[in-house]
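Chemist: Quick one: this structure, given as structure tokens, is what I'll be asking you about.
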Amino acid sequence: MPATVTRKTLMDMKKDGKKIVASTAYDYPFARIADESGIHMLLVGDSLGMAVQGEANTLGVTMDQMIYHTRIVAKGAGTAMVIGDMPFMSYQVSMPEALTNAGRFLKESGASAIKLEGGAAVSETIRAMAEAGIPVMAHIGLTPQSVHQLGGYRVQRDRSRLIADADKVEAAGAFAVVLEGIPAEIAEEITGSLNIPTIGIGAGSACDGQILVLHDMLGISAGHVPKFVKKYAELRQNAMEGLRTYIDEVQNGIFPDKNHSY
Ligand code: KIV
């Protein structure tokens, strides 16, 4: 049986040039599927807001919702590292509140790490969490919780700011950093300069790993998906076909037949 993925596994993968592959997960059945497929990291992202709750953005997601979803993902995960995403305003108000909320993920949900958004501005929070024994994955570039501040979901191109943010989160003790929505050449430069792994989403191929929102990459999400998403399955279409066939068979007396009756 493969060993559980830890921060050391991820560091070793970076050193060995082996790509880290991550996806989001929000519930038990998909966590099991992703884990059995060999995915290394399962992020219970606050993309829950859009992917599962049907909201327009991530801002309304609460700590209690994140704990609930992380707990059911952790049940389905075998060897993948499970990371809980700190929702909007769960770590920005005060350091004690940030530490309490991050601690809840480890104590109540079975996650072995947390993720939060921001660079230099949250580096002291990352430091305090790391010193308290809570592994932190940082997230810089296009940070969706700041959608209103950024004026929309825009590619972030301020090279010196991105480099400074990456350096700060590493120095503060983050074990990995998500690079979202930044030009591939800046992501490559950051990846080459950091000791910790970079996990890209819309940040080109040079990152140490990649992450995608599960519902986007498996074709579950309806409507628009960002340019960086590649669809590896069409589950929405498959589900629709299955349900339409079921309706048709019930209405035409085909189901249930003898094989599905007592
Ligand atoms: O919330 C989320 O799913 C994320 C990833 C896409 C990085 O932050």
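Chemist: Compute the signed sum of charges (Lys and Arg +1, Asp and Glu -1) over the other residues within less than 11 Å, Cβ to Cβ, of Pro87. Present the calculation step by step, with values, prior to reporting the outcome.
Modeler: Values: positive: Lys115; negative: Asp46, Asp64, Asp85, Glu117.
Local net charge: -3.
Chemist: So, in Å, what gap is there between the alpha-carbon centers of the range 65-112 and the range 1-31?
Modeler: A separation of 17 Å, based on Cα centres.
Chemist: Using Cα pairs closer than 8 Å and at least 6 residues apart in sequence, work out the relative contact order for the range 1-113, in percent. Walk me through the intermediate numbers first.
Modeler: Numbers: 197 pairs, mean separation 30.0, N = 113.
Relative contact order here is 27 percent.
Chemist: Sort 200-207, 224-231, 175-182 for me by packing, meaning the mean count of neighbouring Cβ atoms within 10 Å per residue, highest on top. Could the numbers behind the result be given before it?
Modeler: On the way: 200-207: 21.9, 224-231: 13.0, 175-182: 26.4.
Descending mean neighbour count gives 175-182, 200-207, 224-231.
Chemist: Please compute the length gained on full extension between Lys230 and Tyr28, using 0.36 nm multiplied by the number of residues separating them and subtracting their Cα-Cα distance. Don't jump to the answer; show the numbers that get you there.
Modeler: Details: separation 202, 0.36 × 202 = 72.72 nm, distance 2.34 nm.
Full extension of this stretch gives 70.4 nm more.
Chemist: Let me ask something else. What net charge is computed for the residues neighbouring Glu241, neighbours being all others with C-beta under 13 Å from the C-beta of Glu241, Lys and Arg scored +1, Asp and Glu -1?
Modeler: Values: positive: Arg236, Arg244; negative: Glu234, Asp248, Glu249.
Its environment carries a net charge of -1.
Chemist: Could you work out the per residue convex hull volume over the alpha carbons of the range 1-151, in cubic angstrom? Could the numbers behind the result be given before it?
Modeler: Details: hull volume 17.9 nm³, N = 151.
Measuring per residue, one finds 118 Å³ for the Cα hull of the range 1-151.
Chemist: Label-point separation (nm) for Arg244 and Met95, each offset 7 Å from Cα along Cα-to-Cβ?
Modeler: Label at Arg244, label at Met95, 5.9 nm between them.
Chemist: With the calculation restricted to Cα positions, what are the radius of gyration and Dmax of the chain in angstrom?
Modeler: In Å, with Rg to one decimal and Dmax whole: 19.6, 69.
Chemist: Could I ask something else about it? Measure up Lys75/Lys168; Lys168/Lys231; Lys14/Lys75; Lys107/Lys230; Lys19/Lys115 against 30 Å on the Cα-Cα distance and list the ones that go over.
Modeler: Lys75/Lys168; Lys168/Lys231; Lys107/Lys230
Chemist: If each of Gln53 and Ser205 carries a label point 7 Å out from its Cα toward its Cβ, how far apart are those two points in nm?
Modeler: Computed distance between label sites Gln53 and Ser205 equals 3.7 nm.
Chemist: By average Cβ neighbour count within 10 Å, what is the ranking of 210-216, 41-47, 247-253 from highest down? Before the final figure, lay out each step's value.
Modeler: Values: 210-216: 23.4, 41-47: 28.0, 247-253: 10.1.
Per-residue Cβ counts within 10 Å, averaged per peptide and sorted highest first, yield 41-47, 210-216, 247-253.
Chemist: Determine the share of the chain's accessible area contributed by carbon and sulfur atoms, expressed in whole percent, with a 1.4 angstrom probe. Working shown, then result.
Modeler: Values: 7200 of 13240 Å².
Here carbon and sulfur together make up 54 percent of the probe-accessible area.
Chemist: Still on this structure: Angle between the Cα long axis of helix 184-193 and the longest principal axis of the chain, 0 to 90 degrees, nearest 10?
Modeler: Computed tilt is about 60 degrees.
Chemist: Show that you can apply the helix-only estimate: for the chain, add -39,500 (n - 2.57) for every DSSP H stretch of four or more residues, divide by all residues, and state [θ] at 222 nm to the nearest 500. Walk me through the intermediate numbers first.
Modeler: Values: 11 runs with 106 residues, N = 262.
One gets -11500 deg cm²/dmol as the mean residue ellipticity at 222 nm.
The values are calculated or read from the model by the stated rules, or taken from the named source; none is laboratory data. Nothing here was measured: the structure is a model prediction, and the numbers come from that model. Cβ atoms come from the backbone with ideal geometry, glycine included; neighbour counts cover every protein chain shown. All accessible areas refer to the heavy atoms of the entire protein, side chains included, with ligands and DNA or RNA removed. Shrake-Rupley method; radii C 1.70, N 1.55, O 1.52, S 1.80 Å.
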